[in-house]
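One structure is given here, and the rest of the page talks about it.
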Amino acid sequence: MRIFRRFQLIVARLSATRPGAWFVRTCIQPFDRFLLRISGGRFGVVSLLYPTLTLITTGARSGAQRRTPLLFFPDGNRVVLIASNFGRRQHPAWYYNLQKNPVAQVNIYGRTFTCRAYEVSGIEYLELWERAVRYYPGFAAYAQRAGRTIPIVVLDLNTPA
């Protein structure tokens, strides 16, 4: 298990660099979308190293259904998402979609759940941010490069639509 965690950390550090983030965003993520779609959410490239889900939102402007593969970490009956956007200056589109339409669906390893999203703040933000950075060290590099406070969004799987 230690060897796997070391490998995870090496990949996280590489993907947190500008070239690494570009490679993941432009090469790995489209392939990941494809694999997650054809496997019904059960298998993707990134999911070999970190838990991955497919977030299904309603477009804030278009109203169209949007599917986004994302790293996540569980927190009881909640799912925690970090809106890092690979360290870019703007928040990711899925963040804006959830702001406008907080009821979404999430596919986790082939099972789809309806959930309600909300952004955390204050002490909860600090606690979850610390856990997120321990979990995936690349988030710290993304925050520094982005020059913005990276939102943390929680999906409550117990909240009825």
With the requirement that a residue be surrounded by 20 or more Cβ atoms within 10 Å (Cβ to Cβ) and either within 17 Å of P92 (Cα to Cα) or among the acidic types (D, E) (or both), what does the stretch 33-55 give you? T52, L53, T54, L55
Here are V24, V45, V11: which of them is of a type in the set (A, V, I, L, M, F, W, C) and touching a residue at least 60 places away in the same chain (Cβ under 8 Å)? V24
Which residue is nearest to V79 (Cα to Cα), if the candidates are limited to the stretch 37-52 and must be assigned to a helix (DSSP H, G or I) and in contact with a Leu (Cβ under 9 Å, 6 or more places away or on another chain)? S47
Check off (1) more than 21 Å from L53 (Cβ to Cβ); (2) touching a residue at least 60 places away in the same chain (Cβ under 8 Å); (3) outside any helix (DSSP H, G or I) for R145 and give me the number that stays unchecked. (3)
So which residues in the stretch 20-32 are open to solvent by 20 Å² or more (accessible area, probe 1.4 Å) and either under 15 Å from the mean Cα position of the chain (by Cα) or among the basic types (K, R) (or both), if there are any at all? V24, R25, I28, Q29, P30
Quick check: is even one residue across the stretch 60-83 at positive phi, in a loop (DSSP other than H, G, I, E, B) and of a type outside the set (S, T, N, Q)? yes
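This table checks each residue for (1) surrounded by 15 or more Cβ atoms within 10 Å (Cβ to Cβ); (2) touching a Ser or Thr at 6+ places or on another chain (Cβ under 7 Å); (3) farther than 18 Å from R131 by Cβ.
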position: G63; (1), (2), (3): no, no, yes
position: F73; (1), (2), (3): yes, no, no
position: Q90; (1), (2), (3): no, no, yes
position: N107; (1), (2), (3): yes, yes, yes
Could you please let me know if R78 is within 25 Å of C27 (Cα to Cα), among the basic types (K, R) and in contact (Cβ under 8 Å) with a residue 24 or more places away in the chain? no
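The values are calculated or read from the model by the stated rules, or taken from the named source; none is laboratory data. Worth saying up front: this structure is predicted, and the values here are computed from it rather than measured. Cβ coordinates were reconstructed from backbone atoms using ideal geometry, including for glycine residues, and neighbour counts include every protein chain displayed. Ligands, DNA and RNA are excluded from the accessible area calculation, which covers all protein heavy atoms including side chains. Shrake-Rupley method; radii C 1.70, N 1.55, O 1.52, S 1.80 Å.
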